[in-house]
Amino acid sequence: PGGAAMYAGLQELGVANGEDLKETLTNCTEPLKAIEQFQTENGVLLPSLQSALPFLDLHGTPRLEFHQSVFDELREKLLERVSAIALEGKVEERYKKLEDLLEKSFSLVKMPSIQPVVMCVMKHLPKVPEKKLKLVMADKDLYKACAVEVKRQIWQDNQALFGDEVSPLLKQYILEKENILFSNDISVLHNFFTPSPKTRRQGEVVQKLTQMIGKNVKLYDMVLQFLRTLFLRTRNVHYCTLRAELLMSLHDLDISEICTVDPCHKFTWCLDACIREKFVDNKRARELQGFLDGVKKGQEQVLGDLSMILCDPFAINTLALSTIRHLQDLVGQDTLPRESPDLLLLLRMLSLGQGAWDMIDSQVFKEPKMEAELITKFLPMLMSFVVDDHMFTVDQKLPSEEKGPIPYPSTIPEAFTKFLQENRIACEIGLYYFLHITKLRNKNAFLRLLPALVETFSDLAFSDIFLHLLTGNLTLLGDEFALEEFCTSLFDGFFLTVCSRKENVHRHVLRLLLHLHHKVSPTKLESLQKALEPTKQSGEAVKELYNQLTEKLELRKPSPAEVTETPSMELPLPTVPTPASR
């Protein structure tokens, strides 16, 4: 079969092949003469060459080697010529030449030595004849060998085939995101949100998809449709990130054919700049508001796409960080949240992003209604926590009089807990405020607000992104892990309440302990080790992390030699107690 492939298609062109030679030799009386005749008829027909060939024979150069080198040289020249034809003369003429060439050479497409030429011709044709595309598509090896320019022409009319190509890339993308969230490197300086948008767009999956799409609007639309469908099916917000990254990757390459027809392009471009700065400044806020206000009647469907762009965790992170910064500024300015248009715009965008799934699912394209109480009650409550911190700090610095220092407020209003349970936007902002105080090493505020996180809207406090950020920020409170009260609040009061039913939380706690176990008291560590032991139902990741932790703790234990006393000599010597510190 390998031999047959070598000569595939030659017969159709009336060119003798190995099979013909075999037949000639089988049916002849003088084989040597037959071979000579075959060589003369099928050799390079150059009169001047005939006298030079014996000269090569004298040097022991096999004819095969000579013909092969001539063939390779000619093939290179032909490939160069095809690429040149694709650029010269009038458009219709050049494509006519290439189509003629394809017609003549296509029968040799399965011949390995000629295949590159046929593929090159097809690559330069903006529209390969339908019949040829079908033949390529039907043959696995041909399909694999053809250039992406040809595959695009096949894909655009075969959504299922394109889906098969894209699907493994999308799986890989989600896996990469999850690997970052569960990474064993816990750091406050380098986390999930550290890489800039431009850096993220250089990722393998985004680059491959960008190349597969090229300038083809139809393929771009197909990918967006896949992303929408998968987002609906799984609620996985990383698909929203990919939606934005893909558009901005095409923007980086100036692919105007696609950017000008995607109604989200300018909005995404502006938001991308905010994500880069991790802050929405006033100028960009006005711009973003202009896009939202500019959605015309009859075009509301664009809100579905905009909401998906805003649901990207990198967008939510930027909007939430900007909201916390605005609230702090408002405290300093004695201004209420409802009096700040910038803050209201941030809430509007957060609300649109958080409502993406419902909007795409229901196909009702209108902005979600903002609850007045979020602005009139919840945000002022958060601001009062900021004020409590300021007052406590100031009070600590004042000379204490007879009355003694004011204790830090330990309770939280019931309404705050209720907001975190029932209002998605309030919950998101509340969690970011909690991350903010953790980053400031504000242990008092941390312990005060932690109980409110046990029950949150849709269990947001146990989502991977929040726990990834929280574990990173907790490294700043490392010294507190030596205190029983702190550990009991954090582990028993928060993490362990759901560990048994939420595998992801189990993983995050183990990640945290792998990083900070040396700060925790031995007795607490022992009870945590028991509580975190994997069950039969636990996944491989949990078991692996638990084993790593057990190994680290084994290394920490003093060796038996250090613990047991030195055996006494014959004479009973008074026993000396070993120092407890050892």
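For this structure, a couple of remarks:
- Carbon + sulfur, % of accessible area of segment 161-232 - ligands and nucleic acids excluded, 1.4 Å: 56 percent
- Note on exposure: Asp57, Asp312, Asp293 ranked by accessible area (1.4 Å probe, complete protein assembly) read Asp293, Asp57, Asp312, with the most exposed listed first.
- Globularity ratio of segment 333-467, using Cα Rg and 2.2 N^0.38 Å: 1.22
- Sites Thr260 and Gln156 - FRET efficiency at Förster radius 22 Å, r taken between beta-carbons, to 0.05: 0.70
- Annotation: extensible slack from Lys439 through Gln328 equals 38.5 nm (criterion: 0.36 nm per residue apart, minus Cα-Cα distance).
- For segment 219-321, the square roots a ≥ b ≥ c of the C-alpha gyration tensor eigenvalues yield an a/c under 1.5, which makes the shape rounded.
- Shape category assigned to segment 373-551 from the gyration tensor of Cα positions, a/c cut at 1.5: oblate
- Across the alpha-carbon atoms of segment 275-370, the computed radius of gyration and Dmax are 13.7, 43 angstrom.
- Here the extension length gained between Asn547 and Asp221 equals 112.8 nm, from 0.36 nm per residue of separation less the Cα-Cα distance.
- Each Lys and Arg contributes +1 and each Asp and Glu -1, all at the Cβ; summed about the Cα centre of segment 158-310, the dipole is approximately 280 debye.
- Pairs spanning more than 20 Å between alpha-carbon atoms, out of Lys96/Lys132; Lys127/Lys151; Lys530/Lys552; Lys443/Lys557; Lys198/Lys296; Lys524/Lys552: Lys443/Lys557; Lys198/Lys296.
- Magnitude of the charge dipole, segment 373-551, Cβ model with Lys/Arg +1 and Asp/Glu -1, debye to 20: 240 debye
- Three-way shape label, segment 404-457, alpha-carbon gyration tensor, a/c 1.5: oblate
- Cα-projected label distance for Glu103 with His390, points at 7 Å along beta-carbon direction, nm: 8.3 nm
- Between Thr229 and Glu503, the modelled labels are 2.6 nm apart [label points 7 Å from Cα along Cα→Cβ].
- Charge dipole of segment 514-559 (Cα centre as origin; +1 on each Lys and Arg Cβ, -1 on each Asp and Glu Cβ, all else neutral): 180 debye, rounded to the nearest 20.
- Using θ = phi - 60° and Karplus 6.51 cos²θ - 1.76 cosθ + 1.60, couplings along segment 225-235 (whole Hz; Gly, Pro as x): 5, 4, 5, 4, 4, 5, 4, 5, 6, 10, 6
- The share of accessible area on segment 373-551 that comes from carbon and sulfur is 54 percent, using a 1.4 angstrom probe.
- Placing unit charges on each Cβ (+1 for Lys and Arg, -1 for Asp and Glu) gives segment 159-262 a dipole about its Cα centre, and among Thr229, Phe182, Ser167 the Cα reaching farthest toward its positive end belongs to Thr229.
- With all protein chains modelled, accessible area of His124 [1.4 Å, Å²]: 50 Å²
- Note on Thr523: accessible area is roughly 100 Å² with a 1.4 Å probe, heavy atoms of protein only.
- Of the residues Lys283, Lys296, Lys502, ranked by 1.4 Å probe accessible area with the largest first, the sequence reads Lys283, Lys296, Lys502.
- Computed on protein heavy atoms with a 1.4 Å probe, the accessible areas place Val217, Val136, Val302 in the order Val217, Val302, Val136, largest first.
- For segment 109-178, the list of trypsin sites (Lys or Arg not before Pro) that fall in a loop by DSSP and count at most 16 other C-beta atoms within 10 angstrom reads Lys127.
- Residue pairs exceeding 25 angstrom between C-alpha atoms, taken from Lys22/Lys110; Lys90/Lys266; Lys266/Lys366; Lys177/Lys377; Lys131/Lys171; Lys33/Lys110: Lys90/Lys266; Lys177/Lys377; Lys131/Lys171; Lys33/Lys110.
- Note on Glu165: accessible area approximately 60 square angstrom, rounded to 10, probe 1.4 Å, nucleic acids and ligands left out.
- For segment 255-311, carbon and sulfur atoms together expose 52% of the accessible surface, with a 1.4 angstrom probe and every protein chain in place.
- Take segment 373-551 with all the other protein chains still there, run a 1.4 Å probe, and you get 47 Å² of accessible area per residue.
The values are calculated or read from the model by the stated rules, or taken from the named source; none is laboratory data. Here the structure is a predicted model, which is why all the values come from computation and not from measurement. Cβ sites come from the backbone with ideal geometry, for glycine too, and all protein chains shown count toward neighbours. Just the protein is used for accessible areas: all its heavy atoms, side chains included, with ligands, DNA and RNA removed. Shrake-Rupley method; radii C 1.70, N 1.55, O 1.52, S 1.80 Å.
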